[in-house]
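Every number here is computed from the coordinates shown, using simple stated rules; none is lab data. In this text the structure is predicted, and so the values were computed from the model without any measurement. Because the Cβ atoms are built from the backbone with ideal geometry, glycine has one as well, and the counts that use them run over all protein chains shown.
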Amino acid sequence: MRRPHIVQRMASTNTIGEYLRARRQLVRPEQAGLPDLGMRRRTPGLRREEVAMLAGVSADYYIRLEQGRDHHPSAQVLDALARALQLDDDATAHLHSLASPEPQRRRRAPTRPERVPAGILQLLDAWTDTPAYVYGRYMDVLAANPLACALSPFNEPGTNLVRAIFLDPHSHDLLEDWDAAAKSTVAGLRALVGPDADDPRLNELVGALSVSSEPFRRLWARHDVRPKRSGVTHREHPQVGPIDLNYEKLPIPDTDRMTICIYHAIPGSPSAQALSLLATIVHTDLTATPTRSPSTSTGPWTNSSLSRPI
């Protein structure tokens, strides 16, 4: 069988051009208010000349931007391009970050293990009735309290959340809306790493997933950027049944883009009762098995494939 030809370009020096090209391909002419002249279009989305016209810049200048011959457009030009490409606030901020002068970008120290602050670990341990976990800039789960581990195998320390969603065969069963979760996860990863296209760990992760998962490859090529913040998740838990939880994702100060995710149920709801029951089960298990820590799993899950190295 002939394998598909996959070219995964990483560590590009033309990040602005790649981003503009990807985003214009997602905007249909009718969405931008352009008339349909009945001509066959060879490329999806807007043409370069159409983007230039909508942004009020010359076609030659826009082409230079896409080709990487101009790396530092003005803030006014970037805002005009964002409007032409119908970017939201997060995507517009990302475009500005790509165009920032190189000395102003974050400078990475040599790769070191991500370590959760001791105070955050103590907080996780104290939240016996509140599921919570911490993940790092590459969406590796770094720490979790026992209730979070009991809630989902994806919350187990050592799990890479991106790998889990796209490569674990049980992810479609665990997630009520897999498509939405997958799209949100990829956009969240891009938001976390920002303009650091030359990051070796990111290149390794994206390269491996691009080879192994066509859905990931397609979503990554869209260049969607959206920080993961708050939302609602539905789970069919094997011990306590259906449970609907709100979650809040908050950046941890003084870390390199670590995030803490906290789940909570509406007080007095059936989900609150289910969560309380799950906490009781976890507490009983912990009492029977002493010396557990916030990074120790507790739950009915089999988790053999989520944390293998990329």
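Computed quantities for the displayed model
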| item | result |
| --- | --- |
| Amide H contacts of A143 (H built 1.01 Å from N, under 5 Å, at least 5 apart or other chain) | V134 |
| Efficiency of FRET between R218 and A75 - r from beta-carbon atoms, R0 41 angstrom, step 0.05 | 0.85 |
| Amide H within-cut-off set for H237, under 5 Å, with H built and near neighbours excluded | I243 |
| Estimated inter-spin distance, A180 and I252, nm [label 7 Å along Cα→Cβ] | 2.8 |
| FRET efficiency for H96 and H234, using Cβ-Cβ distance with R0 set to 41 Å, rounded to 0.05 | 0.70 |
